[in-house]
Amino acid sequence: MFLQRQALRRVAASRPCANCLRFYSSPTPNEDATTNPPKRIFSGIQPTGIPHLGNYLGALRQWVKLQNEAKASTTLLFSIVDLHAITVRQDASTLFQMRKQMLASLLAVGLDPSKSILFCQSAVLQHAELMWMLSCNASVGYLSRMTQWKSKLNLRPNASPFDAPPSSNSREALKLGLFSYPVLQAADILLYNTTHVPVGEDQSQHVEFTRELATGFNHAFGDLLVPPQTILSPAKRVMSLKQPHKKMSKSAVNEGSRILISDTQEVVEEKIKVAVTDSVQGDITYEPKMRPGVANLINIAFYMDESGMQQRGLASPEQLAQTMQHLAFQDWKPAIADIIGKSLAPIRERYMDIMERDRQEQYLGKVQKDGASRAKAIAEPNLRRIKNAMGMGSFDGDTGKK
């Protein structure tokens, strides 16, 4: 067990509820609680190729906002977490290409290598090393209660890795990498003394696990790891164009279920044209429960052009729907597609320019190499301090305290 029983009781007594996490913070190790140390923000995204609108509205646009509003003292690290991607079998050439597409996409949406550290997780070896150290102190019982591996295998919420019979397909499908995924995620965060992690509500469990690992580790070895604070992103759930009761996802077989940030105006129009709505006669109305397909398209259009909507005096998707209520479906869908396509145009153009620049001068390789070098500059001394505290310091006396 990674916590002594008394320490576990102390953590449980002080554990905030999920709704309180946005307000909960801990002082940085060796920092007085009354000080205000610089923020260090970390987040990651899997290399699934070109992001769809769910990725963009749910995470990437928030990253850009954090970058552009950050103080000069704030360090921002955004990683393409390719080690997480291999918890399922990947084709090597496809994964390589998807990593490049994701990096180009991060640049296209507005992340700036001069303001944020952009890198591939696998290029910084300290992620895997710290993950092993944390794994040696992580509770299998706690990991068995995490939701990630259960949702990936379509298991019931109270499923245990030990209760399936040996012949069960789900038992065979559960690999160690998938089961221990949260430990690597914790290592990603803790490696950089991260103070803040931007996440959605569905990821708050992982940050809480990270906090518990850090607290247990600090109890055993001293104040070395920073229990991070969450930055809860505004919930903008983008649903599938074909199954509006499900989230937009790259795993869906039908490519028409999602809009990519690189889609042309013509492609956007075609996907919206055949998007699932309903057969309700009469006005366009915003009723997410009764008309999920219609509400989804209205949500996407509103949030893709949120600043434009505000200039028009529209403060919510409901108000946008009211301006469209008398349109026939054959006119309404093109209007929705026009808003989305025009909002995507500058991102799409930047993406194409970046990919062309990469073909000419290997631009993405340069960005990734520089980002990984800057990330290592933070990770290496932190890991040396951790190893020294655990008795694995260098024999030449380098304790990492420089």
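Can you give me the number of residues within the stretch 41-53 that are closer than 15 Å to Val199 by Cβ and either in a strand (DSSP E or B) or among the aromatic types (Phe, Trp, Tyr) (or both)?
Summing the residues that are closer than 15 Å to Val199 by Cβ and either in a strand (DSSP E or B) or among the aromatic types (Phe, Trp, Tyr) (or both) in the stretch 41-53 gives 5.
Looking for whichever is modelled with pLDDT under 95 and either open to solvent by less than 40 Å² (accessible area, probe 1.4 Å) or under 25 Å from Phe78 (Cα atoms) (or both) here; the options are Gly371, Gly400. Which one fits? Give the derivation first.
Numbers: Gly371 fails: modelled with pLDDT under 95.
That would be Gly400, the only listed residue that is modelled with pLDDT under 95 and either open to solvent by less than 40 Å² (accessible area, probe 1.4 Å) or under 25 Å from Phe78 (Cα atoms) (or both).
Please give the helices (runs of 4 or more DSSP H) falling wholly within the stretch 247-358 in which 1 or more residues are within 16 Å of Lys236 (Cβ to Cβ). Working first, answer last.
Working: elements: 265-273, 292-304, 306-311, 317-323.
Filter on the stretch 247-358 gives 292-304, 306-311, 317-323.
The sole residue among Ala187, Ala220 that is part of a helix (DSSP H, G or I), touching a residue at least 24 places away in the same chain (Cβ under 8 Å) and open to solvent by 40 Å² or more (accessible area, probe 1.4 Å) is Ala220. Figure legend. Inter-residue proximity from the stretch 197-210: first residues closer than 10 Å to Leu232 by Cβ, second residues modelled with pLDDT under 85 and assigned to a helix (DSSP H, G or I), beta-carbon distance below 8 Å, spacing 6+ or different chains. Indicated pairs: Val199/His206; Glu201/Ala18; Ser204/Ala18; Ser204/Leu21; Val207/Leu21.
Filtered by the rule that a residue be at pLDDT below 70 and crowded, with 18+ Cβ neighbours inside 10 Å, the stretch 115-142 gives no residues. Can you confirm whether Asp112 is in contact with a Pro (Cβ under 7 Å, 6 or more places away or on another chain), open to solvent by 40 Å² or more (accessible area, probe 1.4 Å) and either at pLDDT 90 or above or under 30 Å from Tyr363 (Cα atoms) (or both)? Here the answer is no, as Asp112 does not meet what is asked.
Considering the stretch 190-217, and only residues there that are open to solvent by 10 Å² or more (accessible area, probe 1.4 Å) and within 18 Å of Thr87 (Cβ to Cβ), the residue that is farthest from the chain's Cα centre (by Cα) turns out to be Gln205. When Gln330 is tested against the conditions (1) among the polar types (S, T, N, Q); (2) free of Cβ contacts under 8 Å to residues at least 24 places away in the same chain; (3) touching a Cys at 6+ places or on another chain (Cβ under 9 Å), the lone failure is (3). Of the residues in the stretch 92-101, not one is under 19 Å from Gly58 (Cβ atoms), among the β-branched types (Val, Ile, Thr) and assigned to a helix (DSSP H, G or I).
The values are calculated or read from the model by the stated rules, or taken from the named source; none is laboratory data. As the structure is a prediction and not an experimental result, all values here were calculated from the model. Cβ coordinates were reconstructed from backbone atoms using ideal geometry, including for glycine residues, and neighbour counts include every protein chain displayed. These area figures cover heavy atoms from the full protein model, side chains too; ligands, DNA and RNA do not enter into them. Shrake-Rupley method; radii C 1.70, N 1.55, O 1.52, S 1.80 Å.
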